[in-house]
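Heads up, the thing below is written out as structure tokens.
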Amino acid sequence: MFITFEGLDFCGKSTQVKLLKEKLEQIGKKIILIREPGGTQISEKVRDILLDKKNSEMHIETELLLFSASRAQLVREIIIPLLNEGYFVISDRFHDSSIAYQGYGRGINLNSVKTIQEFAIGLAIPDLTFFIDLPLKEIEKRRTKFGANNLDRIELSENAFYNRVQQGYIEMCKNEKRFITIDGTKSIEEIHKQIIDVVINMVKKNE
Ligand code: TYD
């Protein structure tokens, strides 16, 4: 099974990814956790280029292609082989991030972004995608607390950009069945329970 997590930076995805991994391990599943961009030697190098604050001259088309290149490598080197070996693959972000951030956020033609994603991921389409929906106000609070100096190149984008990304995710959730929207204002435990219920249900269906 291939499960992805999506949402704005600071929505709490990474905490939930770790909790889900622990839970599935407890019930004896083989798990691999990955994060995007990154996850292979080549993809980590691309990640460094993408997130480096010094690369402020990067064009949005370059940005889209680099995220997609990093992903294409991850799919073929890690995701497909491990899915074939019966692993649960859990990814902190995947192709929907490019649709939300580069498509809705940066304003690159959505059809072009989607076509590039189809090429990059091939058959590695997630079975389930959790979108952790947290109001922009709360995201801003968390971002301020984190401190501007610690933000990466993408996280330095303005609020209007984040608003478009958020609206993009909401739109995508309406259009595709594999999305589950999670209320990110709930407690960590409540969110975890909701996620586990969905995943366990799906595991049972597939058994
Ligand atoms: P990261 O530090 O991994 O952020 P997070 O912990 O929030 O996932 O940095 C990834 C940044 O890159 C994040 O701001 C989202 C952005 N991003 C895109 O713009 N497009 C993409 O396709 C992906 C995977 C990430």
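The values are calculated or read from the model by the stated rules, or taken from the named source; none is laboratory data. In this text the structure is predicted, and so the values were computed from the model without any measurement. Cβ sites come from the backbone with ideal geometry, for glycine too, and all protein chains shown count toward neighbours. Each accessible area value is taken on the protein alone, full model and side chains, heavy atoms only, with ligands, DNA and RNA left out. Shrake-Rupley method; radii C 1.70, N 1.55, O 1.52, S 1.80 Å.
General observations
- Cα Rg over Rh - region 32-77, Kirkwood: 0.99
- For the chain, calculated [θ]222 nm from helices alone, where every DSSP H run of n ≥ 4 adds -39500 (n - 2.57): -16000 deg cm²/dmol
- Computed about its Cα centre, the charge dipole of region 2-206 is approximately 320 debye, with only Lys, Arg, Asp and Glu carrying charge at their Cβ.
- Too-long pairs where the Cα-Cα distance tops 28 Å, listed order kept, from Lys23/Lys137; Lys13/Lys145; Lys18/Lys145; Lys18/Lys186: Lys23/Lys137
- Take the Kirkwood radius over Cα pairs of region 85-207, plug it into Stokes-Einstein at 25 °C and 0.890 mPa s, and you get 151 µm²/s for translational diffusion.
- Result for the chain in a Gaussian network model with C-alpha springs under 10 Å: among Gly107, Gly28, Gly12, the largest mean-square fluctuation is at Gly28.
- Residue ranges 187-197, 65-75 sort as 65-75, 187-197 when ordered by packing (mean number of other C-beta atoms within 10 Å per residue, highest first).
- Per residue accessible area of region 2-139, 1.4 Å probe, in Å²: 45
- Nonpolar atom fraction for the chain, defined as the carbon and sulfur part of the 1.4 Å probe accessible area, stands at 53 percent.
- Region 113-182: Rg to Rh, with Rh as the Kirkwood radius over Cα pairs: 1.03
- Region 1-33 versus region 105-180: alpha-carbon centroid distance in Å: 17
- In the calculated pair-distance distribution of the chain, the portion above 26 angstrom amounts to 31 percent of the Cα-Cα pairs.
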